[in-house]
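Colleague: Have a look at the structure that comes next, please.
The values are calculated or read from the model by the stated rules, or taken from the named source; none is laboratory data. Because the structure is a prediction, the values reported are computed rather than measured. Neighbour counts are summed over all protein chains in view; Cβ atoms, including those assigned to glycine, are modelled from backbone coordinates with ideal geometry.
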Amino acid sequence: MSRSSRWRRPETRPRSPYRKVLDYGLAIAILVMFGVVALRLNSVESRRVGGTIVVNDGDSLTVNQQRVRLQGIDAPEYDQTCQRAGTDYPCGRESRKALSALVAGGGVVCEGWQEDRFGRLLAVCRAGGVDLNRRQVEAGWAISYGGYEDAERAARDAKKGLWAGVFDRPRDWRDQHGGLAENEHDAFNAIIDWLKRGLGFS
C-alpha cells in the first residue's frame with residue numbers, strides 16, 4: 001500500500017470567532033440556568049402539617065384546613081362501587097372507612113413538597129409511626145399509583161380488600177365518570193415538578 005493511499009486524519013478547521021462566541025454564550029447560559037435552578041430549589045422545602053383531621057376519602061385528608069393527597073397510592077372514589085361474590089358494594093366508602101380507622105387515634109403528621117393539579121399537598125402521612133399510605137395499600141383499600149408496588153402485590157396475592165372481588169382501577173372509573181385525569185406520583189413526574197419549581201413555573 002502506498003503512503004499516499006493510507007488513511008489520513010482529516011484536518012480540523014479552526015472555529016470562526018462567531019462560532020467561539022456562540023459556544024461560550026451557550027455554555028454561560030447553561031451555567032446560569034443551573035445556578036438559577038439551584039437557588040430556587042434551596043427554597044423548596046418539605047411542608048409538614050398535623051392537627052385536626054378530616055378524612056375525605058380513601059386517599060385524601062384535610063389536615064388543619066390543608067388538603068392532602070396520600071402520595072403514591074390511589075383509592076376508589078367515594079361514590080365508586082365494586083363487586084364481591086357477584087354483588088355490588090360501596091368500595092369507595094369502605095376505603096374511606098379503613099382510612100378513618102387508621103387515623104382515629106390522632107397524632108397524624110403529613111410531609112411532602114409537591115402539589116397535585118388540584119392544589120393538594122402530595123404527602124406521606126403517618127399516625128403513631130404507621131405509614132398510612134402503605135397501610136391502605138397493604139389492606140387492599142388502595143392501589144399503587146407510583147409507589148408501594150410491593151404492598152399491592154402482597155394485597156393482591158392475599159385477596160385483601162378490593163382484591164377479594166372485581167373492581168375498576170380508580171383512574172379508569174374517573175375516566176368513565178367524567179373525572180379529571182391525574183398524573184401518577186412516580187419518579188418521572190416528581191422530576192418534572194422539581195424542574196418546574198426550580199425554574200419558577202409552579
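Colleague: Residues of region 135-145 being in contact with a helix residue (DSSP H, G or I) (Cβ under 7 Å, 6 or more places away or on another chain) and in contact (Cβ under 8 Å) with a residue 24 or more places away in the chain, which ones? Before you say what the answer is, go through the steps one by one.
Modeller: Within region 135-145, the subset in contact with a helix residue (DSSP H, G or I) (Cβ under 7 Å, 6 or more places away or on another chain) is 135-144.
Of everything in region 135-145, those that are in contact with a helix residue (DSSP H, G or I) (Cβ under 7 Å, 6 or more places away or on another chain) and in contact (Cβ under 8 Å) with a residue 24 or more places away in the chain turn out to be ARG135, GLN136, VAL137, ALA139, GLY140, TRP141, ALA142, ILE143, SER144.
Colleague: On the basis of being in contact with a Phe, Trp or Tyr (Cβ under 7 Å, 6 or more places away or on another chain) and modelled with pLDDT of 95 or more, does THR87 make the cut?
Modeller: no
Colleague: Taking region 112-126 as the search range and keeping residues that are among the small types (Gly, Ala, Ser) and crowded, with 20+ Cβ neighbours inside 10 Å, which one is farthest from ASP157 (Cα to Cα)?
Modeller: GLY112
Colleague: Being of a type outside the set (A, V, I, L, M) and within 16 Å of VAL166 (Cα to Cα), is that true of even one residue in region 103-125?
Modeller: no
Colleague: Being at positive phi and buried (at least 16 other Cβ atoms within 10 Å of the Cβ) is the filter; apply it to region 136-165 and report the residue that is nearest to the chain's Cα centre (by Cα).
Modeller: So, considering only residues that are at positive phi and buried (at least 16 other Cβ atoms within 10 Å of the Cβ), the one nearest to the chain's Cα centre (by Cα) is GLY146.
Colleague: Within region 56-107, restricting attention to residues that are in a strand (DSSP E or B) and surrounded by 23 or more Cβ atoms within 10 Å (Cβ to Cβ), which residue is farthest from the chain's Cα centre (by Cα)?
Modeller: LEU61
Colleague: Need a quick list: helices (runs of 4 or more DSSP H) entirely within region 131-179 having at least 1 residues that are closer than 13 Å to GLY92 by Cα and in contact with a His (Cβ under 7 Å, 6 or more places away or on another chain).
Modeller: By residue number, no helices (runs of 4 or more DSSP H) qualify.
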